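Please read the structure below before turning to the comments.
Quick note: the coordinates plus some simple rules give every number you see, no bench work behind them. Model, not experiment: these values are computed from the prediction. Neighbour counts are summed over all protein chains in view; Cβ atoms, including those assigned to glycine, are modelled from backbone coordinates with ideal geometry.
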Amino acid sequence: MLNHFYSFMVKGLVAKKSDDFSAWYADVVLKAELIEHTSVSGCMVYRPGSFAIWEALQRFLDSEFKKLGVQNAYFPSLIPESLLTKEADHVEGFAPEVAWVTHGGDKELSERLAIRPTSETIMYESYGKWIRSYRDLPLKLNQWCNVVRWEFKHPRPFLRGREFLWQEGHTVHASEESARQEVYAILDVYRRAYEEILAVPVLAGAKSIAERFAGADTTTSLEALFPDGKAVQACTSHYLGTGFAQAFNITFLDASGQQQFGHQNSWGFSTRSIGIMIGVHGDDKGLVLPPRIAPVPVVVVPITFSKDKEGSQNVLSVAQDLCDTHGWHLDNRDQSPGSRFAEWEMKGIPVRIELGPRDLQNNTVVVVRRDTSEKAVVSLNEVAQHVSVLLEDIQKSLFVQAKKHLDASIVEVSSLSELKDVVEQGKIGVACWVDSPENEEEIKKVTGAKSLTSASEKEGMCVVSGKKVSSRHYFGKSY
Ligand code: 87F
């Protein structure tokens, strides 16, 4: 209650990012007007500010998927229980998170319906009907949709909620090789979305046996690192093998007339990515948006004085002109310049242009970059060129800074006690390791760390068993 009151009184953020990351995060998503809470815990409103970010990600991903031959479709959000449980492995462990529709009006349904937590089953029921011959393959469909998972852990906007948005791609291939090749192609599209659009560096690899999707043969993932030292799974791309094909009778006649099971993949990228970007780049003044994802990359704030009517008129018309010519956002609201500056800083707009009567007399404007707060006085003739170089520079420098942090946070370790130390310092350990659920349990017990994803191979001794191996894994605290 006090907190709530406080947030109305104080324009800035209640906590410093470096002091209390969780409090900072919860506050910034509200004050930057990305999120609104609702009366259902874990179900949040994506306000225009965050939905526009999602749309930009959708545009990038959707066009990359299409280049890989993927088409969009839409499957229903209600899945009969018998269908959801047809492939038992994949729901095991997730069962407590499934939300159910049990009634239509007052009438109890003869079979309850799951609200889609993921769409393998509903999609593969159709796939079983559609695929007959090798000529029907590969089948590559994607859907953009919402999913519901009745989480009991503390919800956090974007990072963990009971309803979120994502895309899920589901493909069927004639061979394991073709399927596996796509798993990595998709993982690379996801990596580019994180690194090139969101300016967030990621680790890419394969999940451990204990951490992979139970319905999959292989789960690959991207992992990102928050400034508080906790890692977070950024997305996944699975090779499902033929397990679902067997459950859903997805078979085809190959060129020699032999009946074969389809080799399947599924892959997903969600609105969690927005939360990761916020956590990685934000600062004590609010959000910091990479230019390529910012719905408004440049805002122009004219500064006028009631005593100087003519000068003010001039300022307004030049500001309007700049915005019309370059597609920048004009903020000429009747509010003090300071409060307008603070609002755009909170919202993370990459570049702010300030323009007052005195600037105009000199034929200049003041250009302020959000990431470093650096100011430059720039001549009006050169402002467009200056800003376009600046936006590129901000995009690059946000990535470089985050990459430095990630690289500096990865420490090679060769024993469990070393790993424990590294993880306690908020870092990620990379260790030679034999992947097994028992070895994973041991790591968790001794160090408190979870396996994140696999790392490049290098010879050494497994930190748990002492066996000579070349497989390596990243370990760290995670969300
Ligand atoms: C919750 C309830 C029921 C995750 C669940 O990763 C089932 C599930 O299967 C479930 N939560 N999963 C795994 C989702 C696997 C896979 N689906 C397509 C992805 C990417 C997109």
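Annotations
- Kirkwood hydrodynamic radius over Cα pairs of the range 69-159, then Stokes diffusion coefficient at 25 °C and 0.890 mPa s, in µm²/s: 162
- The range 3-147 shape via C-alpha gyration tensor axes, a/c threshold 1.5: oblate
- Across the range 152-308 the C-alpha pair distances fall into 5 Å bins from zero in the proportions 2, 8, 14, 16, 16, 12, 9, 7, 5, 4, 3, 1, 1, 1, 1, 0, 0, 0 percent.
- Prolate/oblate/rounded call for the range 314-391, Cα gyration tensor, a/c under 1.5 rounded: rounded
- Dipole of the chain, positive direction: furthest Cα of A204, I428, Q313, with charges on the beta-carbon: Q313
- Crossing angle, helix 21-31 versus the chain [Cα axis fit, 0-90 degrees, rounded to tens]: 60
- Dividing the helix sum by the residues of the chain, where each DSSP H run of 4 or more adds -39500 (n - 2.57), gives a mean residue ellipticity at 222 nm of -11000 deg cm²/dmol.
- Note on the range 220-297: with charges restricted to the Cβ of Lys and Arg (+1) and Asp and Glu (-1), its dipole about the Cα centre is near 120 debye.
- The chain: relative contact order as a whole-number percent, Cα under 8 Å and 6+ apart: 13
- Loop-located GluC sites (Glu not before Pro) in the range 428-479 whose Cβ has at most 12 other Cβ within 10 Å (DSSP): E457, E459
- For the chain, the Cβ-based charge dipole about the Cα centre amounts to some 380 debye (Lys, Arg positive; Asp, Glu negative; other atoms uncharged).
- Sequence-distant lysines (8 or more away, or on other chains) whose Cα lies within less than 22 Å of K420: K207, K230, K444, K445, K450, K458, K467, K468, K477
- Cα convex hull of the chain, projected area averaged across orientations, nm²: 28.0
- Charge dipole magnitude, Cβ of K and R +1, D and E -1 - the range 243-392, Cα centre, debye nearest 20: 260
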